[in-house]
Structures are given as C-alpha cells and as structure tokens.
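This report concerns only the one structure given below.
The values are calculated or read from the model by the stated rules, or taken from the named source; none is laboratory data. Keep in mind it's a predicted model, so treat the numbers as computed, not measured. Please note: Cβ atoms are built from the backbone with ideal geometry, for glycine as well, and neighbour counts cover all protein chains shown.
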Number of protein chains: 2
Amino acid sequence: MAGTSNERGWVAWLARRHAPPPGGLGIGDDAALLPLAPGLQLAATTDWFLEDLHFRRRERPEDCGYRLATRALSDLAAMGAEPLALLLSAAWPAGLAASWRRRLHAGLEAAARDSGAALAGGDLSRAARIAFDIVGLGRVRAGRALLRSGARPGDSLWVSGWLGYAAWGRRLGARAQPSDREQRRALARWRRPRARWELGRRLAQPGRASACMDVSDGLSLDLHRLCRASQVGAMVFAGRLPAPPPAGRSSRARSAAARRALDFALYGGEDYELLFTAPATARARLRRLASPTLPLTEIGVITRSRGLWLELDGGRERLPERGWDAFDAHGGNRRGGRATP
Amino acid sequence: MAGTSNERGWVAWLARRHAPPPGGLGIGDDAALLPLAPGLQLAATTDWFLEDLHFRRRERPEDCGYRLATRALSDLAAMGAEPLALLLSAAWPAGLAASWRRRLHAGLEAAARDSGAALAGGDLSRAARIAFDIVGLGRVRAGRALLRSGARPGDSLWVSGWLGYAAWGRRLGARAQPSDREQRRALARWRRPRARWELGRRLAQPGRASACMDVSDGLSLDLHRLCRASQVGAMVFAGRLPAPPPAGRSSRARSAAARRALDFALYGGEDYELLFTAPATARARLRRLASPTLPLTEIGVITRSRGLWLELDGGRERLPERGWDAFDAHGGNRRGGRATP
C-alpha cells in the first residue's frame, strides 16, 4: 500500500475524505486494519506489479511471481500480521504464452506456500501490457498491529537483513551471472526477496517494536514516511547500514564502490526488509531475535526535531526524501534509475 | 471474481493447483471465503476496471466510480455477505486531471456509503491507460454464504430486478439523452447499477436461496457457470425475463425490438442483478422479499440433465454459452459488441 512521494497530496486528500473504519485503520499505512470479531483484526493490502515498471518480461517468470507475492506478504509482515490468503488480479495481452503464466505461478506459489497463505481468488482480463494487482490478507490480534505512527523520540531505529543488495542486483540485470559471493547475494535478494513475516509477528509482541514498516521504495523515502506518521525526526548512521561492502583494487575504486553501495542502501528500494523502532528497554530482546541468517541492525535514533539526517564520515547531512517512485519512473525505462548518482 | 469463458481452462488450472483455504472457499465463485473466527467468514473479491474495456474516458467520471464500486459490492451481494470495506488500486497516465480523479471518487463514495463499506486503502501507480482493481471485503456467518454450487434439480431459477437494460443503455452511449421512461431506465441501469447486497443478505438466511451469483457478464454465460458449479442444467422461459418491453410502430419493428431486448437480457452483461435458485418451499418467502422497486422474477427451472435450454415462442433452443468476455473484446472496441446479432 505504498503511496508515492509526489502523489502525497492525492493520498492525503483520500485519507481526509475517508474516515478509517470504526475500530480499524484506513489509508496511509502498509495495510488497512478492519475489526472482524472481538480481539481480532484483518490486515488487508493491495499492490501493483506492472510490466516495464515493476518487472520486465525478459526476467525469469518464476522470479517475477516470487517478487509479486513478496510485495503483499511484506506489507502484512510490516503490520505484524499472520498471512492468510492472496488474491491476484491478472491481465495480459493476446498471445502471452501459457508457459510464462505457469512459470510465474510457480514462483508465486513458492513464496505463498512458504508463508502459509493460500491463493484464494482473483480476476482475469486482457491488457496491452502484463499487469498484476496482488491482494494480501492477514490476521492480527486487536491492538497488536505495528503501525508507522508509533515511533517516539529516543527510540532506536532498526532494520532487518540487508539494504541495497536488491538495487545492486537489479542493476546487474535479469541475465547476469554472479562473479562472486556478494554479487550472488545481490542477484538473489533482488530476484527472490523473502518477506519477513515471521519477524514481523515477533516484533508485534508486547515490549518490542514501537513502529514498523517495510522498506520497498528505499530506506530514505520510507523512513520519511515513518517519521511523518510518527511526527518525529531521525538520525541515520551511514557506517552502520547493512549494505554491500565496498570492493575494488584501488582506494579510489573502493571509495566509489562505497558511495554506490550507500546510494543503493538509501535510495534503491525493493529491499523488502522491516524498518522498525524500539525503546532502549527492548534492545536485549531484539538482539535475541536476530540470527546469522537474519541480522537486526541498529542504524539510527529517533529525534524530537522533525528533520532527517545522515551521519557520514564524521559530518552530517540532510537525508533527502527520494527513492523509488512510479510517478518518476518514465514508464519503467529507469526502474530504480535514481539509485545511482 | 469473474473468470472468462475462453480462459476457463486457466481458471480450472489455477483451481486445481490451489486447494481452498481450510474451512473456506477458493478459486471459482464470486468471492473467496476465509475462516477468521469461530462462526465467521471473510468474503474477499477483486475486479478489474480498465479504460477502453470496462469504461471510457468520455463517460461521466462519477458514473465510472459508481460502477467500479458496484463491481466489488455485487460480488459480496452474491455471497450474501455484509460489505465492510473496499481497497482500490489505481494507475493513470501522466497528465490525467485531478478533477477527473476527484469526480470518479465522488461516484465511488456514493456507492460505498450506500452499502456501509469504507474505502480503507489501496495502491497508486502510473500506467499508459487508466486502470483500476477494486477489492471488496465482507463478512458472512460461517456456513451461510451463498455459493454457485448449491442448485438442485427441481429448484426454481430466479433473478432480481431487470435484465438487458444496462446493455441497452451502454449501446445508447455515454452522451445519450433519454427520449422516454424506458430509455431513462436503461441509461440509469448502465451508468449507476446498484449492487443488491441487502437482497443478498436476506437470500442467505436459512430456507431461502440454494445457490446464487451476480449477473455481470450476461444471464446466459453466468447461468452456464452456476449450472457447471452445481452439476445441473436449466430451462429458461424467454417470455418471463424482466427485459425491456418491445417498442415500435409496426409489428415488424416491434418484433425486431423484442429480439434485440432478448439478446440484451441474455448476453448483454453489466446487469449486476442476483441470479439465484430456490426450492419450491421457499417461493412464498421469496415473494415477500420482492417489492415494486426490486421485483424478483421466476425465470426458469433447474434440471437434472446438464444442458441449458431456452423456451421461446412455444419451441425450445439451446442457450449458447456466450456473453461479455474481456478476451473477446478486442481491446475494448466492441465492449459488449456481441450483445446484438
């Protein structure tokens, strides 16, 4: 349910017009929340996945299907919800091979099965370019859902897993063969990002995260959204970001690689990690949730003053509100093209 | 959640691969059903609404928005579910006027408010042509939902409201001014079809409907789907269809008009009425549900033998499985073009 930066006004207009459902949560978070029964809320989210904007036909269809499912599952993860079901609206042009569709479904099923969500329905139509809209439905105990609005000054800022690898993998391309372990990781993280729904459910237990969202459009843009919802600011420590390590033979090459890795981590998008905040009292509990396969990294601090800052090389600079934006993507020719300077 | 006739194989393939959610209902009905709490199921449906296929930009945006909401609300009605919330994924080209979007939302809100459903979320993106995917979420008591599969030989076949007016209105066109009461009704039924969710909830009470679906792609095509799901056949009495009355000065003109009205009623689509079956024992109760503003008409009978027949002018003919089909609509140039011979 990502809004888009320069469509913020439209989302705000919608949110003003539509009161949240009684006992629930409306427009503006990763998913809507609806009260369904005493003690129980439904989390519901929907996400576009459009040819030449979110994927290209030359990619492996299995990878597209996996990423398609992850878009919805990651929003459920961000709310701390248990995934229940997916619905898929699909449209395609005449002559799209059935084998492409079957392979896409194999990838979607792999991601869905993993999460326990069943593909329960959808709609079909025809379109000039392939288009998907995926619906994620999940369940969360009333009052337990993780919102963007819960961050408090003094909270630590955390992120799961790794940042920037997906953008790097996307830059390497659909047909790239990895030349080393880090490139292999980058391609895997871009092609098959695994939604962090187990982590989300754990973070939603009392005394853990105070706010949470998923990083789909880049750390910077998504952090601006979280801070706006919580009416706070943040300081991010660049040196702590779990980004690709700089490689290169000369120090100049390593320095350029480090800058590129930082840009991928801050503005790249498609990480599908969880960005969350927590009070200091939760630190020990959070450390116990981390594992070698899913590290949790403290990357910054929430501040009372509303600006967003990046601490870098001993200095500090404003963290610009940019990242992946469908309305700046020029029909997909520059998918994530702003990720490098 | 309409499948499409010549994509039946694809829907069947999906349904075979995806077991229904435990205690719920998966691919193939008007909406999916998910168990959420003891005694309670969620009904969830999703429907495309695409420029030049389901609507045109020269129509009044308010009408498009109303019809967009009705697509989802009508699927909830068909299950006997109480509408709770809508989610809307919207994509549009650069330069689409904000006033168009605001007017569309005014229509969507009118339909949603009427039903008690809140717009609770969605997604935004960019696309070459305007595209919407609407999600409807509703609530139904466990075991009470109306399915396509419940029709039994000997049941009567019923339809709410009127058939064929919407297709006639579509043919009259977006800018038409009605010349009489029937044309006014046709244009209104096409532009602002009201989902029958109150009726659906009443039909879902014990001892009333045995099967139900909404008529979105035309009586004939949708009845074939209902009969296939119930493993039965049907006989439809053409003379009983609540279709537009034939008008004309000569008997030849009236005869042509009658044929056209019958075609609209059988194959036109976008009626958003409820097509349902019920045992003879329910007849008196059903008659009491009818009103002048929403008649309920007994139009046929369910048969053990699997064929679908139309009784017309004292003879009988096979009822062909055709109606509105996105995969035959040639990119929207012939929206409903097959409705007339």
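Can you tell me which residues in segment B:174-197 are surrounded by fewer than 24 Cβ atoms within 10 Å (Cβ to Cβ), under 20 Å from the mean Cα position of the chain (by Cα) and without any contact (Cβ under 8 Å) to a residue 60 or more places away in the chain?
The answer is B:ARG185, B:LEU187, B:ALA188.
Please find, among A:SER89, A:SER149, the residue that is touching a residue at least 40 places away in the same chain (Cβ under 8 Å) and within 30 Å of A:VAL232 (Cα to Cα). Explain how you work it out, then say what you get.
Numbers: A:SER89 fails: within 30 Å of A:VAL232 (Cα to Cα).
Exactly one residue qualifies, and that residue is A:SER149.
Any residue in segment B:151-161 that is buried (at least 24 other Cβ atoms within 10 Å of the Cβ), of a type in the set (Gly, Ala, Ser) and more than 21 Å from B:PRO279 (Cβ to Cβ)?
No, segment B:151-161 contains no residue that is buried (at least 24 other Cβ atoms within 10 Å of the Cβ), of a type in the set (Gly, Ala, Ser) and more than 21 Å from B:PRO279 (Cβ to Cβ).
Which residue pairs have Cβ atoms under 7 Å apart, sit 6 or more places apart or on different chains, and have a first residue in segment B:297-308 that is of a type in the set (Val, Ile, Thr) and a second that is at pLDDT below 95 and crowded, with 22+ Cβ neighbours inside 10 Å?
As it stands, the answer is none, since no pair meets every condition given.
Results for (1) in contact (Cβ under 8 Å) with a residue 12 or more places away in the chain; (2) within 8 Å of another protein chain (Cβ to nearest Cβ); (3) closer than 21 Å to A:GLY121 by Cα; (4) surrounded by fewer than 24 Cβ atoms within 10 Å (Cβ to Cβ), shown as yes or no for each residue.
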{"position": "A:LEU14", "(1), (2), (3), (4)": "yes, yes, no, yes"}
{"position": "A:GLY23", "(1), (2), (3), (4)": "yes, no, no, yes"}
{"position": "A:GLY65", "(1), (2), (3), (4)": "yes, no, yes, no"}
{"position": "A:LEU68", "(1), (2), (3), (4)": "yes, no, yes, no"}
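Might you check whether a residue that is surrounded by 15 or more Cβ atoms within 10 Å (Cβ to Cβ), aromatic (Phe, Trp, Tyr) and in a loop (DSSP other than H, G, I, E, B) occurs anywhere in segment B:257-268? So that I can check it myself, show each step before the final result.
Looking only at segment B:257-268, we keep the residues that are surrounded by 15 or more Cβ atoms within 10 Å (Cβ to Cβ), and these are B:257-258, B:260-268.
Narrowing further to those that are aromatic (Phe, Trp, Tyr): B:264, B:267.
The next check asks that each one be in a loop (DSSP other than H, G, I, E, B); those that pass are none.
Taking every residue of segment B:257-268 in turn, none turns out to be surrounded by 15 or more Cβ atoms within 10 Å (Cβ to Cβ), aromatic (Phe, Trp, Tyr) and in a loop (DSSP other than H, G, I, E, B).
Let's see how each residue does on (1) aromatic (Phe, Trp, Tyr); (2) in the same structural domain as B:PRO193 (by TED's automatic domain parsing); (3) out of contact with any Cys (no Cβ under 9 Å at 6 or more places or on another chain):
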position: B:ASP63; (1), (2), (3): no, no, yes
position: B:LEU68; (1), (2), (3): no, no, yes
position: B:ALA77; (1), (2), (3): no, no, no
position: B:GLU82; (1), (2), (3): no, no, yes
position: B:TRP92; (1), (2), (3): yes, no, yes
position: B:SER99; (1), (2), (3): no, no, yes
position: B:LEU104; (1), (2), (3): no, no, no
position: B:LEU108; (1), (2), (3): no, no, no
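Which one of the conditions (1) under 25 Å from B:GLN41 (Cβ atoms); (2) within 11 Å of chain B (Cβ to nearest Cβ); (3) touching a Gly at 6+ places or on another chain (Cβ under 7 Å) does A:ALA106 fail to meet, given that it meets all the rest?
(1)
Would a scan of segment A:159-170 turn up a residue that is β-branched (Val, Ile, Thr), farther than 23 Å from B:SER89 by Cβ and within 19 Å of the chain's Cα centre (by Cα)?
Within segment A:159-170 (the criterion being β-branched (Val, Ile, Thr), farther than 23 Å from B:SER89 by Cβ and within 19 Å of the chain's Cα centre (by Cα)), the answer is yes, since at least one residue qualifies.
So the check is Cβ under 8 Å with 6+ separation or different chains; which pairs have a first residue in segment A:110-128 that's more than 9 Å from chain B (Cβ to nearest Cβ) and a second one that's among the β-branched types (Val, Ile, Thr) and crowded, with 24+ Cβ neighbours inside 10 Å?
A:ALA111/A:THR70
Tell me, please, whether a residue that is more than 7 Å from chain A (Cβ to nearest Cβ), touching a residue at least 40 places away in the same chain (Cβ under 8 Å) and assigned to a loop (DSSP other than H, G, I, E, B) can be found in segment B:131-140.
Of all residues in segment B:131-140, those more than 7 Å from chain A (Cβ to nearest Cβ) come to B:132, B:134, B:136, B:138, B:140.
From what's left, touching a residue at least 40 places away in the same chain (Cβ under 8 Å): B:132, B:134, B:136, B:138, B:140.
With the extra rule that they be assigned to a loop (DSSP other than H, G, I, E, B), the set shrinks to none.
No: segment B:131-140 contains no residue that is more than 7 Å from chain A (Cβ to nearest Cβ), touching a residue at least 40 places away in the same chain (Cβ under 8 Å) and assigned to a loop (DSSP other than H, G, I, E, B).
Which condition from (1) under 18 Å from B:ARG71 (Cβ atoms); (2) modelled with pLDDT under 95 is the one that B:ALA247 breaks?
Evaluating B:ALA247 over (1) under 18 Å from B:ARG71 (Cβ atoms); (2) modelled with pLDDT under 95 leaves (1) as the failure.
Of all residues being surrounded by fewer than 11 Cβ atoms within 10 Å (Cβ to Cβ) and part of a strand (DSSP E or B) in segment A:275-331, which is nearest to the other protein chains (Cβ to nearest Cβ)? Just the residue, please.
The selected residue is A:ARG318.
Is there any pair linking a residue in segment A:27-39 that is more than 7 Å from chain B (Cβ to nearest Cβ) to one that is among the aliphatic types (A, V, I, L, M) and surrounded by fewer than 16 Cβ atoms within 10 Å (Cβ to Cβ), with Cβ under 7 Å and at least six apart or on different chains, and which?
What qualifies is A:PRO35/A:ALA142; A:GLY39/A:ALA142.
(1) surrounded by fewer than 23 Cβ atoms within 10 Å (Cβ to Cβ); (2) within 11 Å of chain B (Cβ to nearest Cβ): which one isn't true of A:THR46, the others all being true?
So the condition that A:THR46 fails would be (1).
For segment B:216-229, indicate whether the set of residues that are in a strand (DSSP E or B) and over 30 Å from B:ARG181 (Cβ atoms) is non-empty.
The answer is no; no qualifying residue exists.
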